[in-house]
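J.: Got a structure for you, written out below as structure tokens; questions coming shortly.
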């Protein structure tokens, strides 16, 4: 089989049975956030609205694929995909349950202590619990295996010392899933890492918000000083952290959040553009073609996951292209309209101003562009 | 992938790899028709993959047959295999007989042909890929008096031919008809929504590009693994790896855009998906050609090395049947007229994934 054949994504088969669900989600969104201005829709999975998350939980749209015993609905990954893409296209404020639903819930069900999972996962499905993920550190970004936060064995549990950085929503989270070192680094760099569930109210844990370039504070520094974690809050096996993190990242491959971050600005541009202006039509038409293709690729990957297949490196391709697309939208807005980004410029300007500033993060979060392309290169058997 | 799709893809790869060679492609560029190759392809029957079973075809859907068309492009077949296979499929859907020999597709591109009369005859001129080698041309035109669609199968020898060629040496001839009588015709369209017939040509160009991009990726990855500089294969350098990752992106996107448009062919939304496919593939063609040449270095710039067979085609095809700018403008105009609120439904309108 050629390299090219290996990375091809088969298109998802059309499935008319999803139309009803899509309609229900659209009705719900129209009722709940129909009036949300575009500059707020642009925040999407950074948008924080606990009431909205609770309402979504009541509809049964959090943890849809999970077993009923964990508060899920045992629906397909394609049904979940439809709900997710409708939420994100509408710019719904999903930030209060996003990490918990996408990563923490599946991780706890798979690796967590059964009692802990049974207690927390149904609360996630109800939209009540907020999680953050403690991976990066002051000296560990892309090179995650170099983390220095340590957990040492104490009676009935572990004691954590260290600092986590860029931890999104730590200031609002109930729990953190922290990646820590439980035995000293050896030649095998990925050995000796473990995942721990940390109660954010633990004594010795301090959260310090960090303002981003827009002046808002979504991410934080989390200092852990002799923080005690009971045995049952160790997630999975001590020393298996790296393998578990890799699996965890597989839960979030190439979803609609990887290309819809600037969608609110694209629709604003369509509303402000002149159909007879060749520049407007050409640039926006290109973005529409890219949008449609990214969606088809993302759906294709969802369908592969739903069939239990491994999308392999193609998921990294979609993520890379998705970030390029999201970052290009504010650039196109500038080229076509050249609006000065003034504070009182109205909704379109506010949307463009916000996305222009946050766009650099699109190719940093969840793995930098360079790391991602390294993964693609591995898929091409170059390394 | 359906069983038929897999079976067709496998036999296409075997057939093309076994019968065609770059020597044929090179001779074709000098104007020598590879008659042996053509008769091998015709005898295999694979060329009738889109024709109904009753007429001796495989009755494949457009989506099921796509891998065969991509393989034809990937193998740089120097004959109108894709054109003939698609024309045969269109004829079959129109209920018209499929003639032997190469069939060229005559869309409105670069000219105009009109039909008139109760037994319609065709007059006018248009650019037809492979025109001089075709035994028949399937022309899509409109009736002069009421603008109704007409598909007419015309013997190519009824046309006067001004020859021309693209930079890959592929025949792109101007055919002039003067009251030419088709052997068969149908006053209907074989696909839903033919308001913009060139969109079909755009889709065929996109398919050619997507298939050839796969060859470019395979060839460039292989070369990076073989070529050693500074004591190691250049594939080990991050600067090269990052470029090949971008090339892989282009291949994945081109294939998906093409596949989505083919899957949509039974529905009216096929036309805009075909336009989108040409936008994506046209951009991918330029990007991929640039990266492939950069990675190959000077050797890839020689005639002796085979990379140019791909890149000259990519540069030709991205402009044929409308460039990415042309189609992006059509798509953009439509999207602007309908406004931001309509966009999401436009993208998801198949009521499903």
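J.: Express in whole angstrom the spacing between the alpha-carbon centres of the stretch A:41-70 and the stretch A:269-317.
T.: Here the answer is 24 Å between Cα centres.
J.: Taking only Cα atoms, what is the 0 to 90° angle, nearest 10, from helix B:324-338's long axis to the longest principal axis of chain B?
T.: Roughly 70 degrees between the two axes.
J.: Please find the FRET efficiency linking residue B:242 to residue A:357, where r is the Cβ-Cβ separation and R0 is fixed at 22 Å, and quote it to the nearest 0.05.
T.: 0.25
J.: Moving on to the next point. Inside 10 Å of the C-beta atoms of A:262-269, what's the mean count of C-beta atoms belonging to other chains?
T.: Shielding by partners across A:262-269 averages 2.
J.: If you don't mind, another one. Ordered by packing density, taken as the mean number of other Cβ atoms within 10 Å over each peptide's residues, highest first, how do B:164-173, B:111-120, A:170-179 rank?
T.: A:170-179, B:164-173, B:111-120
J.: Based on the mean of other beta carbon atoms within 10 Å per residue, what is the order of B:130-140, A:308-318, most packed first?
T.: Most protected by this proxy first, the peptides run B:130-140, A:308-318.
J.: Using the Cα gyration tensor of the stretch A:247-379, with a ≥ b ≥ c the square roots of its eigenvalues, what is the shape: rounded (a/c below 1.5), prolate (a/b larger than b/c) or oblate (neither)?
T.: prolate
J.: To continue, here is another question. What percent antiparallel are the DSSP beta bridges of the stretch B:102-190, to the nearest 5?
T.: 80 percent
J.: Arranged from highest to lowest average of other beta-carbon atoms within 10 Å per residue, in what order do the peptides B:326-335, B:221-230, A:226-235 appear? Mind dumping the intermediate values first?
T.: Working: B:326-335: 24.3, B:221-230: 14.9, A:226-235: 18.6.
Result, highest mean first: B:326-335, A:226-235, B:221-230.
J.: Is the stretch A:3-129 best put as rounded, prolate or oblate by its Cα gyration tensor, with a ≥ b ≥ c the root eigenvalues, rounded for a/c under 1.5, and otherwise prolate when a/b is larger than b/c, oblate when not?
T.: Verdict is oblate for the stretch A:3-129.
J.: Just tell me how shielded B:321-334 is by partners: mean number of partner chain Cβ atoms within 10 Å of each residue's Cβ, no decimals.
T.: The shielding value for this peptide is 6.
J.: For the stretch B:102-190, state the average projected area of the convex hull of the C-alpha atoms over all orientations, rounded to one decimal in nm².
T.: Average of the hull's projected areas for the stretch B:102-190 equals 5.4 nm².
J.: Turning to a different aspect of this structure: How high is the relative contact order of the stretch B:198-348, in percent, counting Cα pairs under 8 Å that sit 6 or more residues apart?
T.: With pairs under 8 Å counted, the relative contact order is 32 percent.
J.: Compute the whole-percent fraction of alpha carbon pairs in the protein assembly as shown spaced more than 38 Å apart.
T.: Cα-Cα pairs in the protein assembly as shown separated by more than 38 Å: 43 percent.
J.: Report, as an integer, the average count of C-beta atoms from other chains found within 10 Å of each Cβ along B:260-271.
T.: 2
J.: In the Gaussian network model of chain B, springs joining C-alpha atoms below 10 Å, which of B:161, B:103, B:280 carries the largest mean-square fluctuation?
T.: Greatest mean-square fluctuation among the candidates belongs to B:161.
J.: Provide the FRET efficiency to the nearest 0.05 for the residue A:277-residue A:201 pair, computing r from the beta carbons and using R0 = 41 Å.
T.: The pair residue A:277/residue A:201 has a calculated efficiency of 0.15.
J.: If you line up the long axis of helix B:307-317 against the longest principal axis of chain B, both from Cα atoms, how many degrees apart are they, to the nearest 10?
T.: 40 degrees
J.: Taking only Cα atoms, what is the 0 to 90° angle, nearest 10, from helix B:62-74's long axis to the longest principal axis of chain B?
T.: Orientation of helix B:62-74: about 50 degrees from the principal axis.
We did not get these values from a lab; they are worked out from the coordinates using the rules stated. The structure displayed is predicted, hence computed values, not measured ones. Note: ideal-geometry Cβ built from the backbone for every residue, glycine included; neighbour counts use all protein chains shown.
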